[in-house]
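> Have a look at this one.
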2 protein chains.
Amino acid sequence: MQTVPPPAIRRLIGVGVGPGDPTLTTIKAARALAEATVVLVPATEASGDGPGRAELIVAEVAPGARIRRIPFSMADRRGISEKRKEAWLTSAAAAVEEFDGGATVVAFATVGDPSVYSTFSYLAAHVVAQRPGTEVEVIPGITAMQALAAESRTPLVEGQEVLALVPVTAGLDRLRELLGAADTVVAYKGGRRLPEVVGALREADRDAVLGVNVSLESQRLVALAELADDEAAPYFSTVLSAPRRTTAGGAL
Amino acid sequence: MQTVPPPAIRRLIGVGVGPGDPTLTTIKAARALAEATVVLVPATEASGDGPGRAELIVAEVAPGARIRRIPFSMADRRGISEKRKEAWLTSAAAAVEEFDGGATVVAFATVGDPSVYSTFSYLAAHVVAQRPGTEVEVIPGITAMQALAAESRTPLVEGQEVLALVPVTAGLDRLRELLGAADTVVAYKGGRRLPEVVGALREADRDAVLGVNVSLESQRLVALAELADDEAAPYFSTVLSAPRRTTAGGAL
């Protein structure tokens, strides 16, 4: 009599690898990357033929990991673009291929946190639809917002303050609205519209700090007062505007 | 001829140790805790004579660390209370005492992230005022908000969505205002006013998930629909209300 083997357990893990400094990865993330059968990493246009930011981190914290690059477009200025959709469909197809080839754990490494402006949930939905029973797990990671707060020693929120995280892709009016509604505002993905972001911050009589490549050696931190009107910054820049605090610890 | 020794380098590090699961601590944080001369940990009323949450994490990720407990009050329902002020003054005095006793690196371990509703900036300002030249560093940590998003597999923000983090101590009107202004709202420190928070969420026709002790074995996740009207939860509970998403990956 033939025995039917138990269904293979397949796990798909979205792993946040933090903002750039490999040591800002969590112990849990490093272990998951080391134990995965394969680690999918986004390969963006920006990194050309070389490793992207996620891959550099994975290579550092899980040196033995088998890495597979997925062509990825970060150009989502108009929301979830066709290119981005294509990228997550390609990721999903790669994950399914790996599972069908015998992989038990497929990790998808994402810069920052998979729960914050990542496409991991789309990818996971597609994989689960194609291979029902796949277990999905998410391991959080340090975001650029947190790294910028730490490096500039600007508390994000204290006491009863409210924090808002706004993608500049949502529009300048949305940014202005939140500058009025929240005590601290963090603007993501605004590098290419930096002069307009700076204008909105000055209009609202705000202090702020710009962070580029935060936590990496190439890190650049610039206070709003020192920013030129036509300052340029890469797409993935972070602007943190905290209230002028009057409490004892407000100014470090 | 007598030579004057160079001034001692004193470093004060605010170390985020994450939400509870010790493996959610970053590699950088674990190293800083292991290398510190002494690690100050808050000892709250809740933990009685036993170790608090931060101490349990430190003991796990940096087993050889010298730990010093600081009596701490988490009861800041009325903002920055006298008790809390007393606690950070006690922390500052302990840090100064350690530096004067020869410590070169004093770490202060904080659950979550030192930049998010922590008193580390107050503590640091007091220490620097008393011992000028002390270098201050902040190492970010995974917040309860991120752990809840990961555990409940609810993306915090996708595409052009705006995220707001609101402490319920700021008032129910403030919470209602942000429920109108942001796509995703995370409410912190609302356990004791949970029925009112639930009421505001239902009024706004929102989905939500409540998280208690997220990432620990005692973790409890409850969907809004399953919450009793008079549901009780501890002070440090997290409520995450994300939009009903229509995109492919919205529902995992």
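The values are calculated or read from the model by the stated rules, or taken from the named source; none is laboratory data. Computed from a predicted model, the values in this text were never measured in an experiment. Please note: Cβ atoms are built from the backbone with ideal geometry, for glycine as well, and neighbour counts cover all protein chains shown.
> Name the single residue that is farthest from the chain's Cα centre (by Cα) among those in region A:208-235 being closer than 14 Å to A:ARG153 by Cα and of a type in the set (A, V, I, L, M, F, W, C).
A:ALA223
> Still on this structure, I have one more. Quickly run through region B:26-48 and pick out the residues that are under 18 Å from B:ARG68 (Cβ atoms) and in a strand (DSSP E or B).
B:VAL38, B:VAL39, B:LEU40, B:VAL41, B:PRO42, B:ALA43, B:THR44
> Also: Can you tell me which of B:LEU201, B:LEU172, B:LEU194 is touching a strand residue (DSSP E or B) at 6+ places or on another chain (Cβ under 8 Å) and modelled with pLDDT of 95 or more?
B:LEU201
> Also, quick follow-up: Please specify each residue of region B:139-164 satisfying the condition of being on the phi > 0 side of the Ramachandran plot and more than 7 Å from chain A (Cβ to nearest Cβ).
Result: no residue meets the conditions.
> Between a first residue in region B:165-177 that is within 7 Å of another protein chain (Cβ to nearest Cβ) and a second residue that is assigned to a loop (DSSP other than H, G, I, E, B) and crowded, with 19+ Cβ neighbours inside 10 Å, which pairs have beta carbons less than 6 Å apart while being 6 or more apart in sequence or on different chains?
Once the first residue is within 7 Å of another protein chain (Cβ to nearest Cβ) and sits in region B:165-177, its partners that are assigned to a loop (DSSP other than H, G, I, E, B) and crowded, with 19+ Cβ neighbours inside 10 Å give B:VAL166/A:VAL162; B:PRO167/A:GLN160; B:PRO167/B:LYS189; B:THR169/A:GLN160; B:THR169/B:LYS189; B:ALA170/A:GLN160.
> Quick one: in region B:178-207, of everything that is more than 21 Å from the chain's Cα centre (by Cα), more than 14 Å from chain A (Cβ to nearest Cβ) and crowded, with 20+ Cβ neighbours inside 10 Å, which residue is nearest to B:VAL157 (Cα to Cα)?
Looking at residues that are more than 21 Å from the chain's Cα centre (by Cα), more than 14 Å from chain A (Cβ to nearest Cβ) and crowded, with 20+ Cβ neighbours inside 10 Å, I get B:LEU201.
> I'm checking my understanding of the structure. Among residues of region B:102-138 that are part of a strand (DSSP E or B), within 12 Å of chain A (Cβ to nearest Cβ) and not aliphatic (A, V, I, L, M), which one is farthest from B:PRO234 (Cα to Cα)?
The residue in question is B:GLU135.
> Can you give me the number of residues within region A:115-141 that are aliphatic (A, V, I, L, M) and within 17 Å of B:VAL214 (Cα to Cα)?
Total satisfying the criteria: 2.
> I would also like to ask the following. Out of A:ALA95, A:ALA30, report the one residue that is at pLDDT 90 or above, buried (at least 19 other Cβ atoms within 10 Å of the Cβ), closer than 23 Å to A:GLN146 by Cβ and of a type in the set (Gly, Ala, Ser).
Of A:ALA95, A:ALA30, the one residue that is at pLDDT 90 or above, buried (at least 19 other Cβ atoms within 10 Å of the Cβ), closer than 23 Å to A:GLN146 by Cβ and of a type in the set (Gly, Ala, Ser) is A:ALA30.
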